[in-house]
1. Run down Val4, Val85 and say which single residue is hydrophobic (A, V, I, L, M, F, W, C), within 30 Å of Phe253 (Cβ to Cβ) and at pLDDT below 95.
2. Has segment 258-274 got at least one residue that is open to solvent by less than 20 Å² (accessible area, probe 1.4 Å), more than 20 Å from Gly10 (Cα to Cα), in contact (Cβ under 8 Å) with a residue 24 or more places away in the chain and within 22 Å of the chain's Cα centre (by Cα)?
3. What do you reckon, is Ser90 open to solvent by less than 50 Å² (accessible area, probe 1.4 Å) and either over 17 Å from Lys317 (Cβ atoms) or among the aliphatic types (A, V, I, L, M) (or both)?
4. Residues to consider are Leu156, Leu168, Leu174, Leu99; find the one that is under 21 Å from Lys248 (Cα atoms) and open to solvent by less than 10 Å² (accessible area, probe 1.4 Å).
5. Just checking, which of Lys104, Lys154, Lys126, Lys138 is outside the structural domain of Gly234 (by the TED database) and under 18 Å from Leu201 (Cα atoms)?
6. Report the residue count in segment 275-287 for those that are assigned to a loop (DSSP other than H, G, I, E, B) and open to solvent by 30 Å² or more (accessible area, probe 1.4 Å).
7. Which of (1) under 22 Å from Ser129 (Cα atoms); (2) touching a Lys or Arg at 6+ places or on another chain (Cβ under 6 Å); (3) of a type in the set (Phe, Trp, Tyr) is the odd one out, the single condition Phe94 does not satisfy?
Amino acid sequence: MASVWTGNRGTIQDYASFNPSADAEAIRKAIQGIGTNEETLIHILTTRSHAQKQLIAKEYQVAFGKELKDDLKSDLSGNFEYLMVALITSPAVFDAKQLKKAMKGTGTNESTLIEILTTRSNRQLKEISQAYYTAYKKSLGDAISSETSGDFRKALLTLADGRRDESLKVDEYLAKKDAQILYEAGEKRWGTDEDKFTEILCLRSFPQLRLTFEEYRNISQKDIEESIKGELSGHFEDLLLAIVHCVKNMPAFLAERLHKALKGAGTDELTLNRIMVSRSEIDLLDIQGEYKKHYGCSLYSAIKADTSGDYEIALLKLCGEDD
């Protein structure tokens with residue numbers, strides 16, 4: 001059984017007859033001179049895996065003495081540029097940049113912090129922290145500390161540490177015990193013991209939490225979500241609810257994020273790009289399935305209706321076929 005963290009339900013796999021120097025050459029040709037051959041760029045960058053695209057970028061640098069990223073930036077613009085650059089950025093660096101962006105300037109984009117820190121594996125989180133420090137000379141923990149506060153900060157820092165148990169083994173005794181602790185920390189007392197919620201929800205494995213939530217229901221006659229909504233508030237509540245949703249069904253959680261990014265007046269391209277790029281090799285097929293199930297139309301058609309031009313074409317290529 002594949003763990004939730006290392007799915008093989010992506011729309012992109014390793015490209016079979018991969019030749020990094022031929023790809024680098026083709027990309028160079030596509031962006032040199034007057035006008036850009038967007039079709040070539042889209043074809044190469046939406047069909048090669050992350051690992052392969054890192055090799056293309058290396059080859060490009062060696063052959064032409066320039067950073068592929070810089071050449072793409074100077075040749076493209078708007079959302080299309082942003083997406084193409086995201087596709088050639090290593091996943092850890094990409095996530096580090098997204099976190100930085102979410103904490104920059106006045107006001108913090110809490111939902112981005114929540115989305116990234118609840119859906120990445122320990123290994124990914126450690127790589128993100130490293131990339132963050134390399135790029136910004138500040139630890140991710142320090143950045144989170146200076147931009148957030150209270151129980152929300154504590155829980156984010158616990159997640160960012162990448163210490164969640166990732167084994168698939170489930171301990172029934174522990175599930176009963178944790179369910180009782182959660183019940184006594186919330187429903188059963190006046191005031192809430194937030195630390196207990198943080199500790200259990202941020203450190204136990206997903207299979208373990210699934211069983212804990214069942215036991216919780218037996219004890220309290222309530223779903224854990226209901227209790228969290230009744231006992232907690234603000235961003236801390238949002239974060240714990242996100243963890244519960246991920247435990248129950250991570251692709252459905254991400255499908256909901258995409259739906260919110262696409263519906264209504266404007267499009268939230270940052271979220272759209274982030275999920276499409278970061279899940280393209282993990283579980284984008286499952287996310288598409290959940291999207292269709294919950295929102296009555298395919299993700300493909302939702303993107304088609306909401307975007308345009310080369311940006312639209314590239315996103316649809318990431319989707320694969322319309323389901």
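1. Details: Val85 fails: at pLDDT below 95.
When all the criteria are applied, what remains is Val4.
2. Yes, because at least one residue in segment 258-274 is open to solvent by less than 20 Å² (accessible area, probe 1.4 Å), more than 20 Å from Gly10 (Cα to Cα), in contact (Cβ under 8 Å) with a residue 24 or more places away in the chain and within 22 Å of the chain's Cα centre (by Cα).
3. On the way: open to solvent by less than 50 Å² (accessible area, probe 1.4 Å): yes; either over 17 Å from Lys317 (Cβ atoms) or among the aliphatic types (A, V, I, L, M) (or both): yes.
Considered against the rule, which asks whether it is open to solvent by less than 50 Å² (accessible area, probe 1.4 Å) and either over 17 Å from Lys317 (Cβ atoms) or among the aliphatic types (A, V, I, L, M) (or both), Ser90 comes out as yes.
4. Numbers: Leu168 fails: open to solvent by less than 10 Å² (accessible area, probe 1.4 Å); Leu174 fails: open to solvent by less than 10 Å² (accessible area, probe 1.4 Å); Leu99 fails: under 21 Å from Lys248 (Cα atoms).
Among Leu156, Leu168, Leu174, Leu99, only Leu156 is under 21 Å from Lys248 (Cα atoms) and open to solvent by less than 10 Å² (accessible area, probe 1.4 Å).
5. Working: Lys104 fails: under 18 Å from Leu201 (Cα atoms); Lys126 fails: under 18 Å from Leu201 (Cα atoms); Lys138 fails: under 18 Å from Leu201 (Cα atoms).
Answer to the check: Lys154.
6. At the first step, the residues of segment 275-287 found to be assigned to a loop (DSSP other than H, G, I, E, B) are 279-283.
Checking the rest, the ones that are also open to solvent by 30 Å² or more (accessible area, probe 1.4 Å) come to 281.
Counting residues in segment 275-287 that are assigned to a loop (DSSP other than H, G, I, E, B) and open to solvent by 30 Å² or more (accessible area, probe 1.4 Å) gives 1.
7. Only one criterion is unmet by Phe94, namely (2).
Yes or no, residue by residue, for (1) open to solvent by 20 Å² or more (accessible area, probe 1.4 Å); (2) closer than 30 Å to Cys319 by Cα; (3) under 22 Å from the mean Cα position of the chain (by Cα):
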residue: Arg204; (1), (2), (3): yes, no, yes
residue: Phe213; (1), (2), (3): no, no, no
residue: Arg217; (1), (2), (3): yes, no, no
residue: Glu225; (1), (2), (3): yes, no, yes
residue: Glu237; (1), (2), (3): yes, no, yes
residue: Cys246; (1), (2), (3): no, yes, yes
residue: Met250; (1), (2), (3): no, yes, yes
residue: Ala255; (1), (2), (3): no, yes, yes
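The values are calculated or read from the model by the stated rules, or taken from the named source; none is laboratory data. Bear in mind the structure is a predicted one, so any value in this text is a computation, not a measurement. Here Cβ is always computed from backbone atoms with ideal geometry, including for glycine, and neighbour counts include all displayed protein chains. The accessibility values were calculated without ligands, DNA or RNA, using every heavy atom of the protein model including side chains. Shrake-Rupley method; radii C 1.70, N 1.55, O 1.52, S 1.80 Å.
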